[in-house]
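Scroll down for the structure; my scribbles are underneath it.
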Amino acid sequence: MTDDQETSDSEDTTASGSATLPPHLRPPSERLQCSKSSVCSRSYFVVVMVFFHVYIINVIALLFYVHYISGQDDASPSRDAPSSDHRHQQQQQPHQQQPQEQPRTESQRPPSKSEFLRDVSLTRIEGIRVGHVQPVSLVPGKVHEMRTLSLKPLLFEIPGFLSDDECRVVMQLAQLKGLMESQLMVQDGQEDLAKELNLSPEEIFNLLDINQDGQLQLREILTHSRVRDGIWLTPENLREIYAGLKADKDGNGLLSLEEFRLLSNDAFQRFLLQRGVKRSQLVRNSRHTWLYQGKGAHQVLQDIKTRVTRLTRLPSTLVDLSEPLQVVRYEEGGHYHAHHDSGPVYPETACTHTRLAANTSTPFETSCRYITVLFYLNSVEGGGETAFPVADNRTYDEVSLIQNDVDLLDTRRNCDKSNLRVKPTKGTAVFWYNYLSDGKGWVGEQDEYALHGGCVVTHGTKWVANKWINIDPDYQRQARFQHLVSRQPEEEEDDEGLTLKSDIQSANIHQDL
Ligand code: OGA
Ligand code: CA
Ligand code: FE2
């Protein structure tokens, strides 16, 4: 109630004509009426306002309660919540978005509306210029030199990052654990999928005709084969297949819809399977394993993690919650064609590491590897360089990566045409950013220039290790994930006083981030 309102109330009574006499001198009837109207209207107003305020406060309290409860539900860890150990995670295929197969389940709830305040900025090391050398302090009593190899992507090399002993221990631990094939041979059953969807040849043709020009270029088929079954065809392989299947009737190297129609379903795949696919014809020909680096792990593995944290200058929580160390062995003839370690960011893309905490269902999933730190565990006798085909290119032109006969992504044939190659030297680490900055201290767009691969090993064996640092480009999802994994078990059961504890915890996480 304002002063103005009180004044106008009293003015209204003045207008009734008896305002000249004080209330106690007025006739009883008038006095009663008058005092009734003035006292009642004021108290009535006060009472209404009190009720109104109480009502509003109740509504707000109720909203807070509902909001809080849904926040807790989102954050409450489920029995099958992810651990930070991603041992079984699949390697990202080139240009491939991994469709998430499970449909949204009943137990998945809508995303939490609780927001985390962003009070952290990710450090991004400055490259200055190619060839620039900066001293870095990674271990007590020693200064390492970090050389900028390229600015697009932002890529550095640190010789002597690991000692010979550390390299040996990592290789031995990997051997002890056992390495598995990095890529499985072609799976059957894709044909069933086309049948199930009941796709016509036209529909399949349109799916493959990326540039929608009514013809299937070699490039369109090659890319499709790589992404679909991980078979790396060369333009010559494809011409051979065309000849074997008499597919390209007019011999112009393109498949028209008419030519495509004459091929039976899955003709290419069947042709390939009949002829047999060698390991050297896969996207990746290596074996790998994962080594956990947390508490209780071999000291060398823990030391490497600490050193990576110092090198990247990122909050230790981010490094701690990232994938374990991946150790890779290439035999003679091994390779890994050019690829991105992580996928592009679309609104519907979810990161593997935060997916369960994100509480959303999405058709796309990627590893969200903000940084790759690659360690060379031995010096390779011949070949095995890490190639960056488009590093520091003036422009990025995806189309020109596969010309008719030159495929820059092919690390068995065209490493010599890559803009940059790093020779594997025992103990050297290279690291690069797979994403740009968003300009506000967080992860931005994928850096397309971060395309890289392992050239064919011509002599000897090649051992490398990858430390990937996983960060969700969506800050809220990263924060929620950290909030979830950092909750203490005894608090999970506690219903009372959760608000305070959660608040304190999220405040801690913000500092940790
Ligand atoms: C990888 C990779 C490069 C190399 O393992 O993801 O790109 O030189 N390796 O082995
Ligand atoms: Ca086309
Ligand atoms: Fe890679």
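The values are calculated or read from the model by the stated rules, or taken from the named source; none is laboratory data. For clarity, every value in this text was computed on a predicted model and none was experimentally measured. Every residue, glycine as well, gets a Cβ built from its backbone with ideal geometry; the counts of neighbours run over all protein chains shown.
Descriptive notes on the structure:
- A single entry from LEU314, LEU301, LEU356, LEU325 fulfils the requirement of being under 16 Å from the mean Cα position of the chain (by Cα) and not acidic (Asp, Glu): LEU356.
- Residue ID - farthest from ligand 3 (Cβ to nearest atom), chosen from residues in region 285-306 that are among the small types (Gly, Ala, Ser) and over 30 Å from TRP232 (Cα atoms): GLY296
- Residues in region 169-185 that are closer than 30 Å to GLN446 by Cβ and buried (at least 17 other Cβ atoms within 10 Å of the Cβ): VAL170, ALA174, SER182, GLN183.
- Any hit, region 237-253, residues being under 35 Å from the mean Cα position of the chain (by Cα) and not hydroxyl-bearing (Ser, Thr, Tyr): yes
- Answer residue from region 363-388, given it is touching a Phe, Trp or Tyr at 6+ places or on another chain (Cβ under 9 Å) and part of a loop (DSSP other than H, G, I, E, B) and is nearest to TYR433 (Cα to Cα) among those: CYS368
- Among the residues of region 386-416, those that are exposed (fewer than 13 other Cβ atoms within 10 Å of the Cβ) and among the charged types (D, E, K, R) comprise ARG394, ASP397, GLU398, ASP405, ASP416.
- Applying the set (1) among the aliphatic types (A, V, I, L, M); (2) at pLDDT 95 or above; (3) surrounded by fewer than 21 Cβ atoms within 10 Å (Cβ to Cβ); (4) assigned to a loop (DSSP other than H, G, I, E, B) to LEU314 leaves exactly one unmet item: (3).
- Filter pass, VAL283 being under 23 Å from VAL456 (Cα atoms), surrounded by 15 or more Cβ atoms within 10 Å (Cβ to Cβ) and at pLDDT 95 or above: yes
- In region 219-234, the residues that are at positive phi form Cβ pairs under 8 Å with partners that are in a loop (DSSP other than H, G, I, E, B) and at pLDDT 90 or above, at six or more places apart or across chains, as follows: GLY230/GLN183; GLY230/VAL283.
- Region 237-293: number of residues that are out of contact with any Asp or Glu (no Cβ under 6 Å at 6 or more places or on another chain), closer than 16 Å to LEU222 by Cα and aromatic (Phe, Trp, Tyr): 3
- Residue count, region 140-168 (criterion: assigned to a strand (DSSP E or B) and surrounded by 15 or more Cβ atoms within 10 Å (Cβ to Cβ)): 10
- Exactly one residue out of VAL422, VAL464, VAL443 is within 16 Å of ligand 1 (Cβ to nearest atom) and under 30 Å from SER121 (Cβ atoms), and it is VAL422.
- Evaluation of THR309 against the conditions (1) within 16 Å of ligand 3 (Cβ to nearest atom); (2) closer than 27 Å to GLU145 by Cβ shows that the sole unmet condition is (1).
- Looking at ILE371, ILE402, just one residue is of a type in the set (Val, Ile, Thr) and within 16 Å of ligand 2 (Cβ to nearest atom), and that residue is ILE402.
- Residues (touching a Ser or Thr at 6+ places or on another chain (Cβ under 9 Å) and either within 15 Å of ligand 2 (Cβ to nearest atom) or closer than 18 Å to ASP250 by Cβ (or both)) located in region 209-232: ILE210, GLY214, GLN215, LEU216, LEU222
- For region 353-362, the criterion of being within 16 Å of ligand 1 (Cβ to nearest atom) and surrounded by 22 or more Cβ atoms within 10 Å (Cβ to Cβ) is satisfied by no residue at all.
- Restricting GLY333, GLY383 to those that are in contact with a strand residue (DSSP E or B) (Cβ under 7 Å, 6 or more places away or on another chain) and surrounded by 20 or more Cβ atoms within 10 Å (Cβ to Cβ) reduces the list to GLY383.
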